[in-house]
Every structure is written in C-alpha cells, then in structure tokens.
Amino acid sequence: MNIILILVDSLNKHCLQMFNPDSECRTPCLDSFAEKSHIFENHFIASLPCMPARREIFAGRKEFLWRPWGSLEVFDPRLPSIIGARGFNTGIVTDHYHYWEEEANGYLQGFRSIEFIRGHEVDSWLVPDAEPFPKWVEKMAEFRARQHVGQYYANVRDFKGEEDYFPAKVFSKAAEWLQDNATKGPFFLQIESFDVHEPFDTPEPYGSMYNRTGKSKDDFNIWPPYQVYADLDAFMAQTSQEELDFLRSQYLGKATMADAWLGRLMDKLDELSLWDDTMVIFTTDHGHDLGERGIFGKQFPHYDSHANIPMIVWHPGHHGNGRRVTGLTQTVDLFATVIEAAGADLPEANRHSRSLMPLIRDEAAEIRDAILYGTFGQGICVCDGDWTLFRAPVAGKPLYVYSTAIARPLIVDNPVDGRVGKLPEPPVDQGYFDPTVPLPMWKIPIEIDPRTHENFLYNRAQDPEQTENLWDAEPEQRERLLAIARTLMDEEGCPPEQYYRLGMTVPH
C-alpha cells in the first residue's frame, strides 16, 4: 500500500464546513474527500509550533516539556528512513522553508526525493531590492521587521496570478511526482503547503471571495504580529473590527485557493487509479487564531480554536464513508500510524506515538483516555474530551533545555515561544536525564516570558467556544484534570523541575 501525508499549514478546523456547517468557506475538494473517508473530530496538537509539531511526525517524540523548536536529535528515529527500509520510495514536496534553516537539520535527509518550492514568508530566496516599498508592504512593516517584509516582497513581487502562488506550485509538483514515480513500487509521499500560513497575501479571485469590506491589502496589515507579545498587544489595541474582518476574509480565501489546487492532486490520483492501493492522510500542524480573545497565531493558552485541528483519512482497505471518529488523537500519533500502515516496526523507545489504525479499522472507539499538549516554556494543556484544563507556569521557577547539542538556533535565534533571546548563563550541566535516550544530554538554563500566569478550566461539552472559565467554580473537575495531567507527565516523561514550575507538587 502507498501512503500520502498532506499537511496544509495553519488550517483552522472551524473554517471547514464538514466540521462547521455555518462556515462560509468553500472547500469542495476536501468536502468530496471527506465524504468517502474517516473524519476525526477530536484530533489535537501536541507540541507547538511548526518544527516541534514536525519532530513529532518525523520522530514520534512529544518535545514541549523538554526543549523548544530545533533540529532532530542524533538519537531520533527518522520516519522516511524507517519507511524507506521497508522498500518504499520516499519523497517530499514542500514550500515549508523552515526545513532549510539551521534549526531544522535532519528532517529532510531521510527522503530519497526532495522537491522544495522557494520563497514563502522570509525564505532567503531572492535578494531584496532597496526601498521604497509599495503601500501594502509598508503596512506590514508597521508591526514586522522591515527586512522580513522586504524579503517576502522580493520573493513574490513578480507573481502575476494564482498559478504563481505557493499552493499551486506545491500541489502541481506533487502531482508531477506521482506521475513520474507511482509505478516504480510502493511509495510514501509527504506534501506540505505552507499556505494558509500568513502573510495573508491572497490573489484573485480568492481575495475578493469573502471580502465585504471594500478594502484591500493597501488599507490593512496582512501580516499581524504574534511572535513578540508587546507587538501583538500593540496591534490589537489599534486594530478595528473592519480590519479583522478583512484579515479573516483573506485567510478564508487562502483556504479555498489551497483546496482548489489540492483538487489537482486528487485528480491525479483518479487519473492514475491510485485510490485502491493508497492511504491518504490530510491534516495540519496547528490552527491559527485570527483575533479571537485578542490573539493572533497559536499562543498559550491553547484553545480549541487552534488546538483542535482537522484530520481526514482515506484507507483503501477500510472505507470511512464520512464516518466520524470521536476518539482523542494527536499530531504525534501520525508517526506510529504511518509506520504501522507501511508494515514497519515502531522503535523500542517510542512512548508518545500511538497508531490510529485501530480507529480506522473500527476496532476501538479510542486510543487515549486523555491528552497532554503545549508549547515549551509556557503552560500545559490537558483534555479528556469533555473538559479542558490549562495550567500556567508559576512565576520564578527554573526552566531548562535538554538536548544532545548546544546549538545557537535552539537557544537564541528563533524566539517564537517567548524566549528572551540571549545565550545561557552558567551553570550548564550534562547527564543522562531521559531514560529513553542512551546518550548524555546538555541541561541548559533558559529564560522564557510566559504569555500568562492565569489558569483555566472549560467544559467543552457545554461550552464548546470555551468562554466560561470554571477554574474556581468546579474544584472537583479541576483536581481531577490536574491528576490526569500529572499521570500523563509521569507516563510520557518530563524533567523533574517541570512539576515544580507548573505547581504540580503543591496544593493547587
């Protein structure tokens, strides 16, 4: 059996009509795909943001209690290498430019075929021209570094129509890969579209499809900040409802554009008669809040708006026919799922990833009773399906990065998770801190600026929008969820100081 894994970055579950019938966003290709597949209702993030999620997919390791965004560790298994050893031809088609940065070493090297589409976001592709910038670029520069917006402008300034944009190139190249390789033996193809990620630079006809403001990107900032909290707060303080409506319209337009070009790939599966022997997994790495609760991006607390993410799975031996799967699953489970589907063996050290195949075969209603997820240096989130608890860090408690390498990007250069942005002060220790890792690791002190120290408890069954914080009103549920979180931390493993940092060893 062949396997195709498709990731459309930053795709919100609630913008898809199969999950939210009230959404105006049109995705006919995905709708058609879902009608014959398994639709996962309670699929969640585990480690955020982009590269931590991909370490889970490639290595089956949930990392958010151990380290931030970084390269694969020397001890990590490599999913494409495991699949390749089973006789699969492996390939990836992606425009996710982070793979080519210093802090993403090890992810791509296991593939036999790599097709990379250049130029998204701040990919160092084309040399930026000297200023002045056009008006829409100047609008982005109000809350983004000029060198970043200048790089994006240089990369896309010659684009004429939708065929020049990134989803068109990614899915067209993926279709070409299938044309060239589908008859050469079993294959594993990973396809990643960085869109619908920002900047929300959406070409026509999609830019006007949901836009009722009468405004354009010359009027509003299509790349709001979220990495630096002060910038995010400043943006939200000066924005208007009209601007938020415009941004959301461009996001929805991108989703429809990605769906249209995904359709070209699905057409190729039809043309090559691949559905009868090819498993297709469609998902995302995380959602993207669009001003809800004053937040852009995917910041802790990880509300369902960006943490409960879409996943649809077609299996040629187990047709879903639109069946709704309600069991809790996470991004990290893709690792074990693809390995089992390929007939390979899970690494002995695996303790985080669980195969979805029992759910797909309808042999079980669930593979997890509860899930744990979060971002390094922030709080933890626990969900049992009906209830969600967000436990914030206690101020003043120590935090450490654990890794076999001291890499500058791991410590300093990519502060997407609140890192202060400086090299660590002594002491730095080394030892065998993780019993599943047969190598000594560095223990490096690090400073993180938590987004909040407030705790939250929500009843998902009665309050799906998570608007009523029941932390004080429901002490029994609070203590039950905290006990579940402690159990999951024990089972999945974490550094001992995390218990103190999260207030898990003292009365709550």
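Among the residues making up segment 136-189, those that are under 29 Å from residue 90 (Cα atoms) and β-branched (Val, Ile, Thr) are 170, 183. Filtering segment 120-170 to residues that are under 23 Å from the mean Cα position of the chain (by Cα) and open to solvent by 40 Å² or more (accessible area, probe 1.4 Å) leaves 124, 148, 169.
If the condition is being open to solvent by less than 60 Å² (accessible area, probe 1.4 Å) and more than 21 Å from residue 469 (Cα to Cα), then segment 383-406 contributes 399, 400, 401, 402, 403, 404, 405. Any residue that is among the β-branched types (Val, Ile, Thr) and under 23 Å from residue 23 (Cα atoms) - is there at least one of those in segment 154-169? No, the conditions are met nowhere in segment 154-169. I want to confirm something. Restricting to segment 229-259 and keeping residues that are polar (S, T, N, Q) and assigned to a helix (DSSP H, G or I), which single residue is farthest from residue 451 (Cα to Cα)? Ranking the qualifying residues of segment 229-259, first place goes to 256.
For segment 419-434, indicate whether the set of residues that are modelled with pLDDT of 90 or more, open to solvent by 30 Å² or more (accessible area, probe 1.4 Å) and part of a loop (DSSP other than H, G, I, E, B) is non-empty. Yes.
For residues that are in contact with a helix residue (DSSP H, G or I) (Cβ under 6 Å, 6 or more places away or on another chain) and modelled with pLDDT of 90 or more, scanning just segment 90-107, find the one that is surrounded by the fewest Cβ atoms within 10 Å (Cβ to Cβ). Explain how you work it out, then say what you get.
Filtering segment 90-107 down to residues in contact with a helix residue (DSSP H, G or I) (Cβ under 6 Å, 6 or more places away or on another chain) leaves 90-91, 93, 95, 98, 102-104, 107.
Checking the rest, the ones that are also modelled with pLDDT of 90 or more come to 90-91, 93, 95, 98, 107.
Details: 90: 25, 91: 22, 93: 27, 95: 25, 98: 20, 107: 25.
Applying the filter and picking the extreme gives 98.
Could you list, in sequence order, all residues of segment 269-299 that are within 14 Å of the chain's Cα centre (by Cα) and either part of a loop (DSSP other than H, G, I, E, B) or of a type outside the set (Asp, Glu) (or both)? Before you say what the answer is, go through the steps one by one.
Residues of segment 269-299 that are within 14 Å of the chain's Cα centre (by Cα), as a first pass: 282-289, 297-299.
Within segment 269-299, 282, 283, 284, 285, 286, 287, 288, 297, 298, 299 meet the criteria.
If we scan segment 84-96, do we find a residue that is in a helix (DSSP H, G or I) and either over 30 Å from residue 398 (Cβ atoms) or not small (Gly, Ala, Ser) (or both)?
Initial filter on segment 84-96 (in a helix (DSSP H, G or I)): 84.
Next, only the ones that are either over 30 Å from residue 398 (Cβ atoms) or not small (Gly, Ala, Ser) (or both) stay: 84.
Yes - at least one qualifying residue is present in segment 84-96.
Contact map, segment 441-454: residues that are closer than 23 Å to residue 427 by Cβ paired with residues that are assigned to a loop (DSSP other than H, G, I, E, B) and of a type in the set (Ser, Thr, Tyr), Cβ distance under 9 Å, separation 6+ or inter-chain. Pairs shown: 441/404; 441/432; 442/404. Once segment 348-364 is narrowed to residues that are touching a helix residue (DSSP H, G or I) at 6+ places or on another chain (Cβ under 9 Å), free of Cβ contacts under 8 Å to residues at least 60 places away in the same chain and charged (D, E, K, R), the residue that is surrounded by the fewest Cβ atoms within 10 Å (Cβ to Cβ) is 363. Note on segment 193-225: among residues that are small (Gly, Ala, Ser) and in a loop (DSSP other than H, G, I, E, B), the one that is surrounded by the most Cβ atoms within 10 Å (Cβ to Cβ) is 216. Just wondering, is there one or more residues in segment 61-75 that are open to solvent by less than 10 Å² (accessible area, probe 1.4 Å) and among the β-branched types (Val, Ile, Thr)? No, there is no match, as no residue in segment 61-75 is open to solvent by less than 10 Å² (accessible area, probe 1.4 Å) and among the β-branched types (Val, Ile, Thr). Looking at segment 440-476, which of the residues that are outside any strand (DSSP E or B) and of a type in the set (A, V, I, L, M, F, W, C) is surrounded by the most Cβ atoms within 10 Å (Cβ to Cβ)? Of everything passing the filter in segment 440-476, 446 is surrounded by the most Cβ atoms within 10 Å (Cβ to Cβ).
Considering every residue within segment 176-192, establish whether at least one is outside any helix (DSSP H, G or I), charged (D, E, K, R) and either modelled with pLDDT under 95 or buried (at least 16 other Cβ atoms within 10 Å of the Cβ) (or both). So that I can check it myself, show each step before the final result.
Keep residues of segment 176-192 that are outside any helix (DSSP H, G or I), which gives 182-192.
Adding the requirement that they be charged (D, E, K, R) leaves 184, 192.
With either modelled with pLDDT under 95 or buried (at least 16 other Cβ atoms within 10 Å of the Cβ) (or both) added as a condition, the list becomes 192.
So far as segment 176-192 goes, yes, one or more of its residues are outside any helix (DSSP H, G or I), charged (D, E, K, R) and either modelled with pLDDT under 95 or buried (at least 16 other Cβ atoms within 10 Å of the Cβ) (or both).
Mind checking which residues of segment 71-96 are in contact with a strand residue (DSSP E or B) (Cβ under 7 Å, 6 or more places away or on another chain) and not aliphatic (A, V, I, L, M)? Answer for segment 71-96, where residues must be in contact with a strand residue (DSSP E or B) (Cβ under 7 Å, 6 or more places away or on another chain) and not aliphatic (A, V, I, L, M): 73, 80, 84, 88, 89, 90, 91, 94, 95, 96.
Are any residues in segment 137-168 assigned to a helix (DSSP H, G or I) and either on the phi > 0 side of the Ramachandran plot or among the small types (Gly, Ala, Ser) (or both), and if so, which ones? Let's see the steps before the verdict.
Taking segment 137-168 first, the residues assigned to a helix (DSSP H, G or I) are 137-141, 146-156, 162-164, 166-168.
Selection gives 141, 150, 154, 168.
The values are calculated or read from the model by the stated rules, or taken from the named source; none is laboratory data. Small disclaimer: the values here were computed from a predicted structure and weren't measured. Neighbour counts run over all protein chains shown; Cβ positions are idealised from the backbone, glycine included. When the accessible area is computed, the model is the full protein with side chains, heavy atoms only, and any ligands, DNA or RNA have been set aside. Shrake-Rupley method; radii C 1.70, N 1.55, O 1.52, S 1.80 Å.
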